[in-house]
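What follows is a single structure, written as structure tokens, with notes after it.
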Amino acid sequence: MSALQPDSPLGAGRPSGRRRRFLVLAMITAVLAISTGDRATLSVAAPGLAHDLHIDKIQMGWLFSAFSWSYFLAQIPAGFLVDRVGARLAILFAVLGWSLATFLTAGVGYLAAPVLAIYVLRVLLGILEAPVTPGCARIMAGWFPSDERGVAGAIFNSAQYLSLAVFTPLMGLLFHYAGWHHIFTVMGAMGLAFGVFWLIEYQSPRRDKRLSSQELDEITARGALTELGESGPREAKIRPPVGPTILRLL
């Protein structure tokens, strides 16, 4: 079996069929892209919101700040949650929760206090997006060997800027042709659909039945922390060593 040098590019020299971790990388990149797009919805919709709901500049300033401070305050609790329940469940609930908050923002005009409703939904958006960074960092550590994490991390982080490049024009078109409401409905629905895909498709390395034993052995030997389970660090301590055949059944 050929050895891969530590400085080899991501995926170089891999036999065909050993590519499961790259789908996982695409999935966490999509998580970050969707979260970045959803936090930008208010910026694009602001002119229409301000006009239709009579929101002044001071109120709009408070609305813009709601996401940032709630996201900041939720980081440590989110990291604790990821460690306790695992990245799969933490990200699942996060994606579904923040996408629902985004979707519901479209209907604030029907409420008696629309500005307060937007503020609450933006606070929830910040809290629910907080697990993205610690959860995806845990996933990268579990799926990628140490000599591939630099490139994997660069691809993952680039999603923030790709998201704005792709979603901002889309939201502008929605605003122009359908109204500001549909910025929130389309972005929210996109996130909810991705949440269902995440539920079906993602598992941790040792629970993923579609991960070949060869790839599992390879990434483990090269430093991937594949023992990181979905019930936190305790699972890794109580799980005995098992062979590749049994691993495929977990």
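The values are calculated or read from the model by the stated rules, or taken from the named source; none is laboratory data. Given the structure is predicted, the values throughout are model-derived calculations rather than measurements. All Cβ positions, glycine included, derive from the backbone under ideal geometry; neighbour counts span all protein chains shown. Note: areas computed on protein heavy atoms with side chains; ligands, DNA, RNA excluded. Shrake-Rupley method; radii C 1.70, N 1.55, O 1.52, S 1.80 Å.
Residue under question is residue 168, and the condition is that it be closer than 22 Å to residue 105 by Cα, under 20 Å from the mean Cα position of the chain (by Cα) and either of a type outside the set (A, V, I, L, M) or at pLDDT below 95 (or both); does it hold?
Values: closer than 22 Å to residue 105 by Cα: yes; under 20 Å from the mean Cα position of the chain (by Cα): yes; either of a type outside the set (A, V, I, L, M) or at pLDDT below 95 (or both): yes.
Answer is yes for this residue.
Do you know which of the residues in region 1-48 that are modelled with pLDDT of 95 or more and more than 26 Å from residue 133 (Cβ to Cβ) is least open to solvent (accessible area, probe 1.4 Å)?
Going through the qualifying residues, I end up with 48.
When you go through 97, 107 one by one, which is the residue that is at pLDDT 95 or above, of a type outside the set (A, V, I, L, M), touching a Leu at 6+ places or on another chain (Cβ under 8 Å) and open to solvent by 10 Å² or more (accessible area, probe 1.4 Å)?
Working: 107 fails: touching a Leu at 6+ places or on another chain (Cβ under 8 Å).
The match here is 97.
Just to be sure, is residue 70 more than 15 Å from the chain's Cα centre (by Cα), among the polar types (S, T, N, Q) and open to solvent by 10 Å² or more (accessible area, probe 1.4 Å)?
Numbers: more than 15 Å from the chain's Cα centre (by Cα): yes; among the polar types (S, T, N, Q): yes; open to solvent by 10 Å² or more (accessible area, probe 1.4 Å): no.
Here the answer is no, as residue 70 does not meet what is asked.
Here's the yes/no breakdown for (1) within 23 Å of residue 162 (Cβ to Cβ); (2) among the acidic types (Asp, Glu); (3) within 17 Å of the chain's Cα centre (by Cα):
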position	(1), (2), (3)
38	yes, yes, yes
54	no, no, no
74	no, no, yes
88	no, no, yes
93	no, no, yes
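Can residue 91 be described as of a type in the set (A, V, I, L, M, F, W, C), in a helix (DSSP H, G or I) and crowded, with 24+ Cβ neighbours inside 10 Å?
So residue 91 passes the test.
Can you run down the residue pairs with Cβ atoms below 9 Å, 6 or more apart or on separate chains, where the first is in region 163-181 and on the phi > 0 side of the Ramachandran plot and the partner is assigned to a helix (DSSP H, G or I) and open to solvent by less than 70 Å² (accessible area, probe 1.4 Å)?
Pairs found: 179/48.
Among the residues of region 53-63, which ones are open to solvent by 80 Å² or more (accessible area, probe 1.4 Å) and part of a helix (DSSP H, G or I)?
Answer for region 53-63, where residues must be open to solvent by 80 Å² or more (accessible area, probe 1.4 Å) and part of a helix (DSSP H, G or I): 57, 58, 62.
Closer than 20 Å to residue 71 by Cβ, β-branched (Val, Ile, Thr) and modelled with pLDDT of 95 or more - does that describe any residue in region 151-163?
No, that holds for no residue.
Considering region 95-119 alone, what residues qualify as being assigned to a helix (DSSP H, G or I) and among the small types (Gly, Ala, Ser)? Break it down into steps so the answer makes sense when it comes.
Here is the first cut: in region 95-119, the residues assigned to a helix (DSSP H, G or I) are 95-110, 114-119.
If the condition is that a residue be assigned to a helix (DSSP H, G or I) and among the small types (Gly, Ala, Ser), then 97, 99, 101, 106, 107, 109, 117 are the ones that fit.
Which ones in region 94-142 are touching a residue at least 60 places away in the same chain (Cβ under 8 Å) and touching a Pro at 6+ places or on another chain (Cβ under 6 Å)?
142
If you scan region 125-183, which residues turn out to be of a type outside the set (A, V, I, L, M, F, W, C), under 24 Å from residue 215 (Cα atoms) and buried (at least 18 other Cβ atoms within 10 Å of the Cβ)?
If the condition is that a residue be of a type outside the set (A, V, I, L, M, F, W, C), under 24 Å from residue 215 (Cα atoms) and buried (at least 18 other Cβ atoms within 10 Å of the Cβ), then 135, 138, 142, 145, 148, 149 are the ones that fit.
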